[in-house]
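Data block below; observations after.
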Amino acid sequence: MEMKTYNNLLVEVEDGIAVITINRPKSLNALNSETLAELGDIASTIEKSKEVKVVILTGAGQKAFVAGADISEMVNATAQEGRAMALLAAETFNCLENMPQVTIAAVNGYALGGGCEISMACDIRIAADNAKFGQPEVNLGILPGFGGTQRLPRLVGKGRAKELIFTTDQIDAEEAYRIGLVNKVVPQTELLDYCKSMAKKIMSKASYGVTLAKQAINTGMDTDLESGLKLEANLFGLAFATHDKAEGMQAFLEKRKADLTDF
Ligand code: DAK
């Protein structure tokens, strides 16, 4: 995969895992337009790559994952600039959410506003024990605009999402785990290793099966049960056309390890 250099991101690809680090630690990795554009660019490069199977998204430094959208950029933005930012963000978040690869947010500190929202656009959230989550937008006269009003209730339920958004209360990693916002809490020093070992476990499975399951879950969650079940049946049929399905089942019957190679 051809790798560009970015002003606000660090990207490392090793053994099929891309680690994207949002790198603006002086602003607690706040998302400005340039960072959103760069995230969109790397996400669209990775989605076409066969080399990368799992993406880990994290923030630079010990203190923050992402402390939200960049308030210093938004403060004087016009309606047109706000709209341009919204369009750019929608494209970036959509690409991140629906890329064929599995995405893991390694939340290493504050995940506020857009930070909490970008973690929710990832498939899985692993929190360091110092992580803090919140949606402070109504302190600033706005409401969540990177999907928070939609993805948060889908993850934690309507009542809890409303409480978090209306009160702007921050919650710690344990509470985020308790309400289902994060999959696991680990000590901060072990965060990346934990995410990488989960990535390796996922990569050892049939990647095409994983990516079809991701598509079925993402699309199915936004539709009625009947349509979701039809989609699942269609994708299930598609899986029967793959090498990994033939090999996975044959290997089981022959009591040997499967040689899974698709994707
Ligand atoms: N933007 C810009 N700079 C930020 C920032 C942010 N979101 N968060 C922190 N910083 C900067 C601080 O200004 C400070 O800069 P200096 O003073 O050193 O120059 C530096 O990072 C360190 O921050 P603090 O000094 O405040 O550090 P503390 O430990 O005291 O506090 C904190 C940490 C995370 C509790 C605090 O920084 C904080 O409350 N940060 C702001 C949280 C927040 O309100 N985030 C924005 C939420 S609104 C859109 C869609 C969505 C959105 C926008 C547009 N469209 C569709 C167009 C999303 C909006 C949001 O995310």
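So here's what we get for this one:
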| read-out | value |
| --- | --- |
| Selected residue [closer than 27 Å to Ala18 by Cα and at pLDDT below 95] from Ala86, Ala128, Ala106, Ala64 | Ala86 |
| Subset tally (residues that are among the aliphatic types (A, V, I, L, M) and more than 19 Å from Ile126 (Cβ to Cβ)) for region 12-27 | 1 |
| All helices (runs of 4 or more DSSP H) inside region 55-135 with 2 or more residues being more than 9 Å from the ligand (Cβ to nearest atom) and not hydrophobic (A, V, I, L, M, F, W, C) | 79-98 |
| Matching entry among Gly180, Gly159 (being away from the ligand (no atom under 16 Å from the Cβ), assigned to a helix (DSSP H, G or I) and in contact with a helix residue (DSSP H, G or I) (Cβ under 9 Å, 6 or more places away or on another chain)) | Gly159 |
| Residue in region 136-156 that is nearest to the ligand (Cβ to nearest atom), counting only those that are farther than 14 Å from Leu181 by Cβ and part of a helix (DSSP H, G or I) | Glu137 |
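Per-residue answers, yes or no, for (1) in contact (Cβ under 8 Å) with a residue 12 or more places away in the chain; (2) surrounded by 15 or more Cβ atoms within 10 Å (Cβ to Cβ); (3) of a type outside the set (A, V, I, L, M); (4) farther than 17 Å from Val102 by Cα:
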| position | (1), (2), (3), (4) |
| --- | --- |
| Ile165 | yes, yes, no, yes |
| Asn183 | yes, yes, yes, no |
| Leu192 | yes, yes, no, no |
| Lys196 | yes, yes, yes, no |
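The values are calculated or read from the model by the stated rules, or taken from the named source; none is laboratory data. Keep in mind the model is a prediction, meaning the values are calculated, not measured. Because the Cβ atoms are built from the backbone with ideal geometry, glycine has one as well, and the counts that use them run over all protein chains shown.
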